[in-house]
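Below is one structure, written out as structure tokens; comments come after it.
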Amino acid sequence: MLQRLGGLLLGTGLLLLGAFPAGADDDFRLPEIGDPSGGVMTRVQEQRLGQAFMRNVRKQLNVISDPWMSDYIQSLGGRLASNSSAQGQRFHFFLIDSPVVNAFAGPDGHIGIFAGLLLTTETESELASVIAHEIAHVTQKHLVRAFDDASRLSLPMGALALAAAVIGGQSQLGAAAMAGVQAGMVQHQINFTRANEHEADRMGIHTLARADFNPRAMPVFFERMGRATRFYGTELPEFLRTHPVTTNRIADSRGRAETYPYRQHPDSLGYHLVRATLRERQYEDPKDAVRFFRETLADGRYRNEAGQRYGYALALLRNRDYKGARAELDKLLQDQPQQTAYRILDARLYRESGKPERALATLEAALKLSPDSYPLTMAYAQTLLDTGNPGPARQALEKLLPRRPLDAALYELLSQAAGDAGEINQAHEYLAEHYFLSGRLEQARQQLEIALRDKNISLFRGERMSARLKQIQGEIAELKRQRNR
């Protein structure tokens, strides 16, 4: 049953609705779904399930925390979502550092895109077509209609089941999670129909056109993946397992795309820079990365020269060839001196080559032009910490908290800043939140227990930490109880 669930959820709009009743932190039962429209579930309940789902995903998969790449994929997904049929539905898009060619959607609009999928696409419109397809599965509530009798699942167990199904057999961690879920998982009967897939294609193509992407990118990508099927034999990539590409489906999507005016959508520079970053990360030895980018630049084997040169600069920097990296980066800065990715790399190059003050000056100048930039602020705070300035770093990071209250990477940096500033108790609290959001519940519990031993903490902070500790202890106990059934 779980294998069927995993195959279904990967890339087909995973959306199980339900959580514990609002305001009842010690009650972890999921409500019945009931009405296919999801009317039984409150907005708060969906958010809590989505948060619990993401904690499990972060624990099992290598979610990319790089602020600049995270900002790119959120911006791209947000543009598509704002042009979809979503009404009040929020979305959170994230990248996973894995060669798997796939994408999936989870509760509360959490949509994950594997690095392998991004590298397989040949245009930004192709990438957008897959994301638009996943958005449609969420907005049309396809999976909700397929679930029955969900009331016997608890919040922690339901979130773990969903995450385990998404991960499937892609790693030993995923297999272990699947085994842990089996004792408490309810036998759901699921039928994800071809009609759902066609509807997601239709809605996705409409979203592409409204967002000013090329709607014909969807059938083009399907067709290329379909042609690739014959090379894989029985070892199909996850995308082809979870998105069966038939001639009828290709023809249908092409026919729908042809109803929209033809428009050539140029790829954004961000798309090529993210692709280059992911490509450079694939090489364990930086010398191999340097060789790849040097040769492809020399031979002209690239889709975008700036993206390829950026990847070359990254590889040279990792190989500690600071002079070579500077030469490549300066060429890029001549054309686009205010490009955020270039400025962050510029500061990193200064910092790693022993010029921290130049790094700070570079980021301060960039922040004057883009004061609300998340990736620039994170890079600035990290540089401040590296140069022994934890106070200003903490101030900069705390300004991000209201906008990013569920950012695990942000809490990790805040913990370092508080610790370096001598605020040890606050450092434990921030680190506990980082562990909690990363799905490491035991470590989060330990950090809060340490923080609560301080007799000098304020009443407000003590009550806040005690409430979070109670929640974490409840989730740990519930998972143990259901696993021991």
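At a glance:
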quantity: Those strands (runs of 3 or more DSSP E) lying entirely in the range 84-177 with at least 3 residues at pLDDT below 80 and under 20 Å from the mean Cα position of the chain (by Cα); calculated: none
quantity: Meets criteria (at pLDDT below 90 and assigned to a loop (DSSP other than H, G, I, E, B)) for V44; calculated: no
quantity: Among (1) of a type in the set (D, E, K, R); (2) in contact with a helix residue (DSSP H, G or I) (Cβ under 8 Å, 6 or more places away or on another chain); (3) farther than 20 Å from Q74 by Cβ - the single one R404 does not satisfy; calculated: (3)
quantity: Unique residue being in contact with a helix residue (DSSP H, G or I) (Cβ under 9 Å, 6 or more places away or on another chain), assigned to a helix (DSSP H, G or I) and modelled with pLDDT of 95 or more when the list is I250, I205; calculated: I205
quantity: Hey, P402 within 25 Å of G354 (Cα to Cα), surrounded by fewer than 21 Cβ atoms within 10 Å (Cβ to Cβ) and modelled with pLDDT of 95 or more or not; calculated: no
quantity: Residue pairs meeting the criteria (Cβ under 6 Å; at least 6 apart or on separate chains; first assigned by TED's automatic domain parsing to the domain that holds R445 and modelled with pLDDT of 95 or more, in the range 456-485; second β-branched (V, I, T) and loosely packed, with under 15 Cβ neighbours inside 10 Å); calculated: none
quantity: First in the range 426-444 and assigned to a helix (DSSP H, G or I), second anywhere and among the aromatic types (F, W, Y) and surrounded by 23 or more Cβ atoms within 10 Å (Cβ to Cβ), Cβ under 6 Å, 6 or more apart; calculated: Y430/Y411; E433/Y411; H434/Y411; Q443/Y435; A444/Y435; A444/F436
quantity: Scope the range 259-317; condition among the β-branched types (V, I, T) and in a loop (DSSP other than H, G, I, E, B); matching residues; calculated: T259
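The values are calculated or read from the model by the stated rules, or taken from the named source; none is laboratory data. Just so we're clear, the structure is a prediction, and the values are computed from it rather than from any experiment. Please note: Cβ atoms are built from the backbone with ideal geometry, for glycine as well, and neighbour counts cover all protein chains shown.
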